[in-house]
Structures are given as C-alpha cells and as structure tokens.
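**Q** The structure follows.
The values are calculated or read from the model by the stated rules, or taken from the named source; none is laboratory data. Quantities reported herein were computed from a predicted structural model and do not represent experimental measurements. Glycine also receives a Cβ, built like all others from the backbone with ideal geometry; neighbour counts cover every protein chain displayed. Remember, those area values only see protein heavy atoms, side chains included, never the ligands or the DNA or RNA. Shrake-Rupley method; radii C 1.70, N 1.55, O 1.52, S 1.80 Å.
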Amino acid sequence: MAENSQTPESVTLTIDGRAVTVPKGTTILQAAEALGNRIPHYCYHPGLSAPAQCRLCLVEVEGAPKLQPSCITEVQDGQVVLTESEEATRQRTGVLEFYLANHPLDCPICDQSGECKLQDYVHAEGRKHGRSREPKRVFGRDDFGGDILFYGDRCVMCTRCVRFMNEMAQDPRLTVVERGNRSIIDTFFEEGVEGSPYAGNIVDICPVGALVSKDFLHKARAWDLDHKPTICPNCSQGCNIDLHVRDNRVQRLKPRANLEVNQYWMCDYGRHRYEWMNRDDRIESPVVNRSGQPVPSDWSEALEALHGRLEEGVRPVKAVASPFASNEDLAALRHLVDALGGGEIVYRLPRADREIPLPGFPRLSRRRDLAPNGRGAEILGMERVGDDEGAGGLDELAHYTGTLVVLGDELADLEADFGQQAALYIYVGSHPSPAASQADYLLPATTFAEQEGTFTNHEGRVQRFWPGLQAPGLARPAWLVLGALAARMEGGGVPTSAAEAFVQAAELAPEFQGLTYESIGTRGAIINEPVALPGA
Amino acid sequence: MSDETTERAPFRNPGWAGNTGEFELSEDEVRGRSYVGEHAPEGGHPSRVPTVPYMLPEKDPEAPLFEGPYAERFEKILSRYPNRRAALLPTLNLAQELRGRVSPETMAEVAQLLGLSDAYVRGVATFYTMYNKRPVGRYLIQVCTNVSCNLCGGDEVLAAFLEHTGTEAGEISDDGLFTVMEVECLAACGFPTAVQINSRYFENVTPDDVPAVLDRLREEAS
Ligand code: SF4
Ligand code: SF4
Ligand code: FES
Ligand code: FES
C-alpha cells in the first residue's frame, strides 16, 4: 500500500541536502532548477536536444562511479546529488580552464560582456590565473550574413546554434567544421544564414559573445540595459518579449519565454522592427485648432473645451481605430462612441501575403496580420477596411461631415484636408502627420511601449504588457483620455489604472468577461468563446 | 616480369617478407602488382565496397558522380547502410578516388546525392584528414611521424621527401607528380618508417631510400 501512496510518476531525490519531488523523466539539471539551483551548463538549452558535450554540468551522484552530466541524467528515487562537492567544483574549474585556453579574453570589447556565461562561470569558479603557455589559436571574425556576426575565438563549441538551425529552423546551414582545437562553427563556405527567418535566435542562445547582432554591435553595454517585459507588436502572434532600454530608447528586442506562445524564440521580422518606438516626431501636448489656428493647450483646458463642444450636441459619430492600440484603448474608444450615440468604427491593418512558421514549433508563426491587436478590434465590433499595406479605405471618412474620432492610426497616406469637412474632428494619437495635425482637438497618446495594457493575439490569448519607455511631454494612455471623456458624457467613473480600464473593457465585450489582470498574469489567458445563441 | 619488378626495387625493404630468403616468392607475388591488388572500379563484393579508400594516380577533377562501374559501386555502398546519411563517408571516398580531392563543389554534389545539407557534408569532410580538401599530385606521399616511426627517424624521412620533391608539406611539386604530407600512425608500426604512397605501403624507409622511391615513381608515371 505504502508504495502505491505516491503517484508513480513522481520521484523524490535530494540535491545538496534539499529534498525535491519532480515528475519521473526530469533531469537532475531541471530538478535542481526547480530548487533555484542553476547548475552551470552550455550545451543544454531547454528548447533543444541535449548532446551532453560541454561537460560543465557534471555533478556528483552518490553511488555513481564518476561524475554524471546532469543535463541528461534522469532523476531516480532516493538519489543523492551533490552539485557543490569538492569533486564537482574541481571538475568545473578544470573544464573552465580548458575553455579559456584559446579564448581571447576580449570582454572589454565584447557585446556579451555582462550577460556572458563564460564570464559568469569563470568569475564564480574559475582559476584566478590560466596556466596555458601555448600561443592561442586565432580565427578572427566571420560575417554570417543577415544580422549575424561570428567571433570564432569566443565560441565555446556548445553547438546550440547548430542545433537551433537543425531542429527549430530546420534549415541546417550551420555546422562544426574541422576538428580538435581548429573546430569552428561555419556555414557552407560563403552561404551564411541570410534569409533564414528565425536566425536571430542563435544570437540569443549563444552563451558567449561568439554570435552577435550587427544591429546591436557596440551599441550598449548589457548592464546599462533595462529589461522591460512586453508583447511584440509586429504581428498577431504576440510573442512575449523584453524591450532592452537605455536612455529611454529601445536598443533591441529579446524573446521572453512563454511555452504556449513562442517558447524561447521570436522571428527576425519582429525582432528588427523597433525603431518606430523611438520616433522623436511626437505629439507632445494637446492642441486645439480654432479656425486654422493651432493653440497648444494643457489637458484640463483641452478636455474642458472638448467636453463643452460635445455638450453643444454632436452630429453622428464615425471613428477610426488602430490594431496597434491596446484592448483598453480600443474599448475606451468604443465606450466614447457609444456615449456619443453610437457609430461605426473601422481600422486598417497591414497584412503580409504569407505566414512564416518556425518549423520546429509551428505554433509560433509570423502571422499574416502585421499588428498585435486586430483580434481585439474585431472583438470590440470594429471593422477592417483598406488594403494589405494598411492604407486606403478611408476615402469616404476623409470628407465625412459628422463627428470624426481617430485613435492611433497615423493617417500617413492621407492628405492634410482629411476631416476638414467634419463637424468635429478629434485625433488621439502619437505622431503628428499632416492629416492628424489638422484635427480640431489633437490629443497626445502614449504608444504601447509607454503604457500598461493588453493585446489579444490571433488565437484569442489576452496578454499583458508593461511600460518600457517614458512618455514624451503630456502624452497619456488613450484609455485614460477617452475614458475621461466618456465618463464626463455618461457620468461613469474614470478608470485610474490599466487594470480598471480592462474591467471596463470586459463590461463591453463578453469575450473578456471573467478575465482580470491578475488571472491573465504573465502568461496570458484565452478569451471566452462567444456563446452561440441557440437557433442563431 | 616479376623478376623485372624485383630488380626495379633497389631500395632496402626488409619489412617485405618476400626477400628474407625464406620463401621463393617475388615481391609481386606477395603483394600483388600495385601492392593492394587489383581493384575493380565497381568495387567487387558489396561487403568490402565501403571499406577501402583507394587512391588512383589518374585523377579527373571533372569526373561525374557517378557513372558506369562507379555508379554500380555507389549503389552497392548505399545497399550497405540503413539510410543515405550513413553512406556519407564511403561516398566521399568514392568521389575522392575519382577526383583526387573533395572540393566544395564535390561536397555540394555529394550532399545532393545523399539528401544532406551542404554544410553538414562540409562539416564531415573537414573533420577527417584523409579527405584532401586541396588538390594533390599524382602521388600522394604520406609519411608517418607518429611514435614508432618518429623514434626510428620519421622526421628525417619526411624532410628527405620534401627536399627531393622540392615542395613544402601539402604542396604539389612542379612536375605535378608529388604531394608530401605528414600523417599519424599508419598501423605499420612494426616497420618504421612507414610511408603510404597512394594506396600502397613502403615500409622501413630511411632517408637514403627516398631518391630511389621517387625515381621509381617517376618511371612509373612516364
Ligand atoms: S557560436 Fe555560440 S552557440 Fe554556437 S557553438 Fe559557439 S558558443 Fe555555442
Ligand atoms: S512572430 Fe509576430 S509576434 Fe512573434 S516576433 Fe515575429 S512579428 Fe513579433
Ligand atoms: S549541459 Fe550537460 S554536458 Fe553540456
Ligand atoms: S607509428 Fe608509424 S605506422 Fe604506427
């Protein structure tokens, strides 16, 4: 009986004196990680196969004749593992000395410095001085094409990059060439990895500074970067990413693990589209246009005046939204439009001609919809117009004579006469294009990178993002601006946080009901399927 | 004819059991004319087809992969393995036998034949030193300088070959006949210094033997 009392699938072992129970089949390295003990490793990566070749993760297992590679050794009941024993530590120190034998020690000019596993491990457990007297062999650097640069001398031969290209990208263009201490990662002569749509990930998983991004080369030091969790805004997949920020500028994007959405990866298309978040041409303060005279204003003055205009009575409303706006922003727009008597809301969305799946994890795919929140707009009853460039479709609205509200869409393809026939033209957005600047009320909004909020991805997963940049001037989240207006019109409460704005969104859309910022958490939550009405 | 050959081999080669006087056998009779016996381009019985890397004096860098008897041999090689990837090493051998080396183009062609990526084939071909990544002369002279041979003067034998061919290791001599290189143990440690020239072994070679060996090869080539 006693034997059966435990579920057969779990195993209890002791690691460095602490007991841990994990599912059968777990490796020692993973079990240790569950205890917060990160055993040094190079070749193991949770998203790839484990060849057990770097010999850095060796640990002592009581009863075993020699040290065991923890990355592939499965746990056993009653196992006693020592990761910090004298033997294990001595071994790691020895292995690290080999890793440094040919390493150029060029940390001062290496982009990986500060987030380098060789640096970290040697600092923790390496010898103070190397004993090698041989001259180091020198490879120099190689351009792998695309965004990728290879510094051969820094490589620790973990083959993570080779395995990523074989197993995940399934585009086996990398290999180990030559042997012994002449081994080097290379492609088929000049072939390179150019055009492989997920190749940027090899830079992320390279534990050292061997593979680096040309875009990021010598741009910032790792320790100067703030890592701000967010969602990639470049397609409807919604990869979980971090903005790496210095001096209030996004310096690069890095994937953040989410096993359901993007595992550990992101696509190159998304990775390299961040410059727009750093744009300097911003609407920085509210502007009220009175008969062609733009008058900069402040929030209370502008909103007061706008409210006055709305009180005078409004003509029928039509609105333009943006699929780059958060659920909260879009819901606040819907709210305001409804408060003004209801009306059609359209959005424009650039669309690629094909998806680009990651073959090793096809659930991750650069989707056709090249914006993060088309699904959110759809849920809130908005309608897509325009072409696959995200342009056109607004000809009629350009000469609309009622009340016109625009949220987020830059209107870059439209002339300055856009909305000039409207009885009232309100623009809430970030960039002062000619068509936007002529609005009666030009209200500065933050971009997604400067605010907290949620996007709904292609599969209906609501995912949170957090502010990474400081907003310029008086820019405020659109949910706050529109929410304040709607509240004035209807007498409801003004949301004081993104979480509250989401609650208001959930009141508008049954799909969001029951979800809260808490339940969405850092992993996201799937929306409720709309309930099909019987007979409908 | 066998007598003739014996006479034409004036270098001291006691490692060759044929001239110990114990048996009435000529060197030809013991070793066969090319010292590895005749070999058929189609490879003989499938069981030995993948195992023997031949090196022929006639090299045609443009030779097709594979035609005629060589196509037959390639089929036999494939029949020996569970999948095409496993047949990579003998296929590279076969390509090298025909073309004398494994050039980038050859790697790509072999990759195509076996359904592998070009990069993978390059990785394998560069791992093994017996694939010539650069062109070699008609005779590839591989001098062992590993332990036994080294103790018995392998370095001097190597130096003699370099001197008498007027090359640096790995180069092709001006007449296109010779490429000399240093190799690890040839598994003929009982007869140091061991030298492999194309597919045949020359054993107990001393620096003094070198001019005669080279002359003999020149004569063969003419
Ligand atoms: S380049 Fe980086 S990822 Fe690739 S084998 Fe070297 S250290 Fe590992
Ligand atoms: S797949 Fe989409 S969400 Fe993911 S990184 Fe690429 S563009 Fe961004
Ligand atoms: S991580 Fe275990 S051997 Fe490399
Ligand atoms: S050491 Fe030369 S053949 Fe073995």
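**Q** From the list A:217, A:225, pick out the single residue that is surrounded by fewer than 18 Cβ atoms within 10 Å (Cβ to Cβ) and more than 10 Å from ligand 2 (Cβ to nearest atom).
**A** A:217
**Q** Could you please find all residues in the stretch B:98-118 being assigned to a helix (DSSP H, G or I) and either more than 14 Å from chain A (Cβ to nearest Cβ) or open to solvent by 60 Å² or more (accessible area, probe 1.4 Å) (or both)?
**A** The answer is B:98, B:99, B:105, B:109, B:112, B:113.
**Q** For the stretch A:23-45, which positions are in contact with a Ser or Thr (Cβ under 7 Å, 6 or more places away or on another chain) and open to solvent by less than 20 Å² (accessible area, probe 1.4 Å)?
**A** Residues satisfying the conditions are A:27, A:28, A:29, A:32, A:39, A:43.
**Q** Conditions: (1) open to solvent by less than 20 Å² (accessible area, probe 1.4 Å); (2) within 14 Å of chain B (Cβ to nearest Cβ). Residue A:200 meets all but one. Number of the miss?
**A** Going through (1) open to solvent by less than 20 Å² (accessible area, probe 1.4 Å); (2) within 14 Å of chain B (Cβ to nearest Cβ) one by one, residue A:200 breaks only (2).
Conditions (1) modelled with pLDDT of 95 or more; (2) touching an Asp or Glu at 6+ places or on another chain (Cβ under 7 Å), marked per residue:
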residue: B:130; (1), (2): no, no
residue: B:147; (1), (2): yes, no
residue: B:163; (1), (2): yes, no
residue: B:169; (1), (2): yes, yes
residue: B:183; (1), (2): yes, no
residue: B:189; (1), (2): no, no
residue: B:193; (1), (2): no, no
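**Q** Give the stretch A:163-181 a look and list any residue that's surrounded by fewer than 18 Cβ atoms within 10 Å (Cβ to Cβ) and touching a Phe, Trp or Tyr at 6+ places or on another chain (Cβ under 8 Å), or say none.
**A** A:178, A:179, listed by residue number.
**Q** Within the group A:80, A:20, which residue is in contact (Cβ under 8 Å) with a residue 40 or more places away in the chain and surrounded by fewer than 21 Cβ atoms within 10 Å (Cβ to Cβ)?
**A** Only one candidate passes the filter, namely A:80.
**Q** Return the residue satisfying two criteria in turn: it lies in the stretch A:167-190 and is more than 7 Å from chain B (Cβ to nearest Cβ) and free of Cβ contacts under 8 Å to residues at least 24 places away in the same chain, and of such residues it is farthest from residue A:153 (Cα to Cα).
**A** Among those that are more than 7 Å from chain B (Cβ to nearest Cβ) and free of Cβ contacts under 8 Å to residues at least 24 places away in the same chain, it is A:190.
**Q** Test residue B:206 against the criterion of being without any contact (Cβ under 8 Å) to a residue 12 or more places away in the chain and among the hydroxyl-bearing types (Ser, Thr, Tyr), and give yes or no.
**A** It is false that residue B:206 is without any contact (Cβ under 8 Å) to a residue 12 or more places away in the chain and among the hydroxyl-bearing types (Ser, Thr, Tyr).
**Q** Filter the stretch A:239-257 down to residues that are open to solvent by less than 20 Å² (accessible area, probe 1.4 Å), part of a strand (DSSP E or B) and within 21 Å of residue A:368 (Cα to Cα), then give me how many there are.
**A** Residues meeting the conditions: 3.
**Q** Same structure, new question: Taking the criterion of being at pLDDT below 95 and at positive phi, would at least one residue in the stretch A:431-454 satisfy it?
**A** No.
**Q** Counting only residues that are touching a helix residue (DSSP H, G or I) at 6+ places or on another chain (Cβ under 9 Å) and open to solvent by 50 Å² or more (accessible area, probe 1.4 Å), which one in the stretch B:119-134 is nearest to the other protein chains (Cβ to nearest Cβ)?
**A** B:120
**Q** Any idea which of (1) within 16 Å of ligand 3 (Cβ to nearest atom); (2) over 29 Å from residue A:249 (Cα atoms); (3) part of a loop (DSSP other than H, G, I, E, B) is the one residue A:207 doesn't satisfy?
**A** (2) is the only condition that residue A:207 fails.
The rows are residues; the columns are (1) open to solvent by 10 Å² or more (accessible area, probe 1.4 Å); (2) more than 14 Å from chain A (Cβ to nearest Cβ); (3) on the phi > 0 side of the Ramachandran plot; (4) near ligand 4 (Cβ under 9 Å from one of its atoms).
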site	(1), (2), (3), (4)
B:157	no, yes, no, no
B:164	yes, yes, no, no
B:172	yes, yes, no, no
B:177	yes, yes, no, no
B:182	yes, yes, no, no
B:187	yes, yes, yes, yes
B:190	yes, yes, no, yes
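**Q** How many of the residues in the stretch A:148-166 are assigned to a loop (DSSP other than H, G, I, E, B) and more than 11 Å from chain B (Cβ to nearest Cβ)?
**A** 4
**Q** For the condition open to solvent by less than 50 Å² (accessible area, probe 1.4 Å), under 21 Å from residue A:307 (Cα atoms) and acidic (Asp, Glu), what is the one hit in A:369, A:440?
**A** A:440
**Q** Same structure again: Only one residue in B:86, B:95, B:71 is of a type outside the set (Asp, Glu), open to solvent by less than 10 Å² (accessible area, probe 1.4 Å) and outside the structural domain of residue B:197 (by TED's automatic domain parsing), so which one is that?
**A** Selected residue: B:95, the only one of B:86, B:95, B:71 that is of a type outside the set (Asp, Glu), open to solvent by less than 10 Å² (accessible area, probe 1.4 Å) and outside the structural domain of residue B:197 (by TED's automatic domain parsing).
**Q** So in the stretch A:352-364, with the set limited to residues that are touching a Leu at 6+ places or on another chain (Cβ under 8 Å) and surrounded by 19 or more Cβ atoms within 10 Å (Cβ to Cβ), which one is nearest to residue A:329 (Cα to Cα)?
**A** Here the residue is A:364.
**Q** Which one of these does residue A:123 not meet: (1) closer than 23 Å to residue A:88 by Cβ; (2) in contact (Cβ under 8 Å) with a residue 12 or more places away in the chain; (3) assigned to a helix (DSSP H, G or I); (4) not β-branched (Val, Ile, Thr)?
**A** (2)
**Q** Something else about it: Scan the stretch A:391-411 residue by residue and report those that are over 15 Å from residue A:329 (Cβ atoms) and assigned to a loop (DSSP other than H, G, I, E, B).
**A** Those that are over 15 Å from residue A:329 (Cβ atoms) and assigned to a loop (DSSP other than H, G, I, E, B): A:391, A:392, A:393, A:394, A:399, A:400, A:401, A:402, A:411.
**Q** Going by the structure shown, is residue A:414 open to solvent by 10 Å² or more (accessible area, probe 1.4 Å) and outside any loop (DSSP other than H, G, I, E, B)?
**A** Here the answer is no, as residue A:414 does not meet what is asked.
**Q** When you scan the stretch B:82-120, how many residues do you find that are over 20 Å from the mean Cα position of the chain (by Cα) and more than 25 Å from residue A:174 (Cβ to Cβ)?
**A** The total comes to 1.
**Q** Continuing with the same structure: Among the residues of the stretch A:381-390, write down those that are touching a Phe, Trp or Tyr at 6+ places or on another chain (Cβ under 8 Å) and outside any strand (DSSP E or B).
**A** A:382
**Q** Still on this model: Could you list, in sequence order, the residues of the stretch A:256-269 that are closer than 15 Å to residue A:229 by Cβ and more than 16 Å from ligand 1 (Cβ to nearest atom)?
**A** A:256, A:257, A:258, A:261, A:262, A:266
**Q** Given (1) more than 10 Å from ligand 1 (Cβ to nearest atom); (2) part of a strand (DSSP E or B); (3) open to solvent by less than 30 Å² (accessible area, probe 1.4 Å), where does residue A:185 come up short, assuming only one miss?
**A** Checking residue A:185 against (1) more than 10 Å from ligand 1 (Cβ to nearest atom); (2) part of a strand (DSSP E or B); (3) open to solvent by less than 30 Å² (accessible area, probe 1.4 Å), the one that fails is (1).
**Q** A further question on this structure: What strands (runs of 3 or more DSSP E), lying completely within the stretch B:130-222, carry at least 1 residues that are basic (Lys, Arg)?
**A** In the stretch B:130-222, B:200-202 are the strands (runs of 3 or more DSSP E) which contain 1 or more residues that are basic (Lys, Arg).
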